[in-house]
Amino acid sequence: MSKEQIFDWIYDDPVEMRIDKFLAEECEQWSRTQIQNWIKEGRVTVNGRPVKANYKLSENDYVVLRVPPPRELSIEPEQMDLDIVYEDEDVLVVNKPRGLVVHPAPGHYSGTLVNGLLAHCQNLSGINGILRPGIVHRIDKDTSGLLMVAKNDRAHLSLAKQLSEHRVIRKYVALVHGQVGHNSGTINAPIGRNPHNRQQMAVVSGGKPAVTHFQVIKRFNRYTLIECQLETGRTHQIRVHLKYIGHPLAGDPVYGPAKTLPIKGQALHAKVLGFEHPATGRQMIFDSPLPEDMEEIIKTLE
């Protein structure tokens, strides 16, 4: 049976800091909200006494966090109208609509793509654990487009290796603010947690290497339609890189002006996906149409 985990620190900074902020920075695997819940439950003590989330640490304070054992999970299948582009006994390619979360996470165990996949087919790889069966890579909730799903562990290992070796073709279509000056280019800038906002990613020195290639498809008055090809796959990579070069995604609620166009979420679509079939070795390439709202916006801009 799993036991609770105990973590402790001596706070060695002369500058005071809120306890929840300190723990969120020290424990990136858990959200600040999760940490605040544990503080409310009395699982965080400073110098042996429970504290509130707004408690300010002083130098030499002794902090203890007791993380409860993970509860047993079962992800329930849910009937869902999935857009399956391709399927065989090893892999499945699905066209995910904008607004659909890819896999369950603590506190959010239903209504995800994984719930729908489990209703569609019982056999999915188990390498990524109970919360992410079959999921080799993911796209953000408010990004639409193609995802490959592994139906067994052998397929999963093959697809994951192709991803790590940058052999998977992933091309996105994005509508960005402003007129992009160059017809094509490469953004090579490391990505890590935003030091000023731990809920966001940013280009930071010491971040993980991140490379995005882009090509202009069409320029409009105040927007540009571009194609982005991922070489690496960091969290929010395209969104962060485009903000970094001064052309944030239209509709991006986190990294750009959110409500400039009638679209819910960022105007970003994973259009092309290509990989080597894990069993046959055959190169497979899939292409998906832009979602209707992006098509309508492009027609309006034209």
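No value in this document is a laboratory result; all are computed from the given coordinates. Predicted model, so just to flag it, every value in this text is computed and none were measured. All Cβ positions, even for glycine, are placed from backbone atoms using ideal geometry, and neighbour counts span all protein chains on display.
Using only alpha-carbon positions in segment 5-67, the gyration tensor eigenvalues give semi-axes of 16, 12, 11 Å once each is multiplied by 5 and square-rooted (largest first). For segment 273-282, the Karplus equation 6.51 cos²θ - 1.76 cosθ + 1.60, evaluated at θ = phi - 60°, returns couplings of 9, x, 7, 8, 4, x, 9, 9, x, 6 Hz by residue, with Gly and Pro reported as x.
Loop-located GluC sites (Glu not before Pro) in segment 19-124 (DSSP state not H, G, I, E or B) with no more than 12 neighbouring Cβ atoms inside 10 Å: Glu28, Glu41, Glu59, Glu72, Glu89.
Chymotrypsin sites (Phe, Trp or Tyr not before Pro), restricted to segment 10-43: which are DSSP loop and have at most 16 other Cβ atoms within 10 Å?
On the way: sites: Tyr11, Phe22, Trp30, Trp38; in loops: Tyr11, Trp30.
Of the chymotrypsin sites (Phe, Trp or Tyr not before Pro), the ones in loops of segment 10-43 whose Cβ has at most 16 other Cβ atoms within 10 Å are Trp30.
Close amide H partners of Phe286, meaning residues 5 or more places away or on another chain with modelled amide H under 5 Å apart, are Leu273, Gly274. Relative to the longest principal axis of the Cα atoms of the chain, the long axis of helix 292-301 lies at roughly 70 degrees. Quick one: Debye curve from the C-alpha atoms of the chain, no solvent, what's log10 I(q)/I(0) at q = 0.10, 0.16 Å⁻¹? Summing over Cα pairs of the chain leads to -0.67, -1.31.
Helix 153-164 and the longest principal axis of the Cα set of the chain meet at an angle near 90°.
Distance check, please: which entries in Lys3/Lys56; Lys218/Lys259; Lys96/Lys161; Lys3/Lys151 exceed 26 angstrom between their Cα atoms? Could the numbers behind the result be given before it?
On the way: Lys3/Lys56 29 Å; Lys218/Lys259 22 Å; Lys96/Lys161 23 Å; Lys3/Lys151 32 Å.
Long pairs (Cα-Cα over 26 Å): Lys3/Lys56; Lys3/Lys151.
Only helices enter the 222 nm calculation for the chain: every DSSP H run of n ≥ 4 contributes -39,500 (n - 2.57), and dividing by all residues gives -5000 deg cm²/dmol, rounded to 500.
Fewest to most neighbouring Cβ within 10 Å: what's the order for Ser164, Ser31?
On the way: Ser164 11, Ser31 16.
Neighbour counts put them in this order, fewest first: Ser164, Ser31.
Once a ≥ b ≥ c are taken as the square roots of the eigenvalues of the Cα gyration tensor of segment 160-302, is the result rounded (a/c under 1.5), prolate (a/b larger than b/c) or oblate (a/b not larger than b/c)? In terms of gyration-tensor shape, oblate.
Which GluC sites (Glu not before Pro) in segment 157-239 pass both tests, a DSSP loop state and at most 11 other beta-carbon atoms within 10 Å? Mind showing how you got there, number by number?
Details: sites: Glu165, Glu227, Glu231; in loops: Glu165, Glu231.
Passing sites in segment 157-239 are Glu165.
Please tell me the relative contact order of segment 84-301 in percent, rounded to the nearest whole number, where contacts are Cα pairs under 8 Å and at least six residues apart.
Rounded, it is 19 percent for segment 84-301.
Evaluated with a Cβ-only charge set (Lys, Arg +1; Asp, Glu -1), the chain carries a dipole of roughly 600 debye about its Cα centre, given to the nearest 20.
What size of dipole, in debye to the nearest 20, comes out for segment 1-158 about its Cα centre when the only charges are +1 on Lys and Arg C-beta atoms and -1 on Asp and Glu C-beta atoms? If you can, show how the numbers build up before the last one.
On the way: 18 positive and 24 negative charges, 91 e Å.
The dipole of segment 1-158 has a size of about 440 debye.
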